[in-house]
Amino acid sequence: MLTNKSLVLRKFREKDLDECLQLGRQMVDYHRQIYEDDSIPYDDKKLREKLKRTGEKYVKMVAEEENKIVGLLILEIKGRSCEIDYIIVDKDRRGKGIGKALMNYAKETALKRKCVEIILRFAARNIEAFRFYHNNGLNCLGMVEVFMPLTEEGKNRWYKKKGKRTHFLGLECYY
């Protein structure tokens, strides 16, 4: 257990489930905003399953302030890699060092478990996440996910974003 002023990092407990699901919903709300897509579903089931996993390779921590959960970290140790499944900070508490404390815990855990790397994936448009991870020592290796819609439904799903485009490596791309 790590304490920093009123912030406490501790292991996830079953009674934390509902508060953690609310953090997951905040994450989905943010993704709905950055993707301009209110149809992105809340995935309580997926998060619930990850929180209920047991075994040495799963690490689940919460950040707590004044008996309220304000952050969640879920790691999976995969051989010599430490994969961050979730790192979520309450929307009203971002920028207060909670995410940094969770990242530091992830780094300490990875080193203790003799991992050689920390990896994670996040939504390409999540510029705030990119800044946060970059500022905490993670580097982009240049992985890019590409797609090709094959139907009108697919085109409507991906190209409905008011024609938002960007340039990447000199090519015009939708985002």
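The values are calculated or read from the model by the stated rules, or taken from the named source; none is laboratory data. This structure is a prediction, so every number in the text was calculated from the model and none was measured. Note: ideal-geometry Cβ built from the backbone for every residue, glycine included; neighbour counts use all protein chains shown.
Total residues in the range 114-133 satisfying the condition of being of a type in the set (Lys, Arg) and in contact with an Asp or Glu (Cβ under 9 Å, 6 or more places away or on another chain): the figure is 1. Just checking, which of Gly99, Gly95, Gly71 is at pLDDT below 95 and out of contact with any Pro (no Cβ under 7 Å at 6 or more places or on another chain)? Result of the check over Gly99, Gly95, Gly71: Gly95. Set side by side, the residues Glu83, Glu66 differ, and just one is of a type outside the set (Lys, Arg) and out of contact with any Asp or Glu (no Cβ under 8 Å at 6 or more places or on another chain), which is Glu66.
With respect to the stated conditions, Cys173 fails to be touching a Lys or Arg at 6+ places or on another chain (Cβ under 7 Å), at pLDDT 80 or above and more than 26 Å from Ser6 (Cα to Cα).
Restricted to the range 1-119, the set of strands (runs of 3 or more DSSP E) holding at least 2 residues that are within 19 Å of Asn136 (Cβ to Cβ) and hydrophobic (A, V, I, L, M, F, W, C) comprises 7-11, 58-65, 68-78, 81-89, 117-119.
When Glu76, Glu108 are checked against the criterion of being within 17 Å of Arg53 (Cβ to Cβ), modelled with pLDDT of 95 or more and surrounded by fewer than 21 Cβ atoms within 10 Å (Cβ to Cβ), a single residue qualifies: Glu76. Going by what's in this entry, would Leu138 be described as among the aliphatic types (A, V, I, L, M), assigned to a loop (DSSP other than H, G, I, E, B) and at negative phi? Judged against the criteria, Leu138 is a match.
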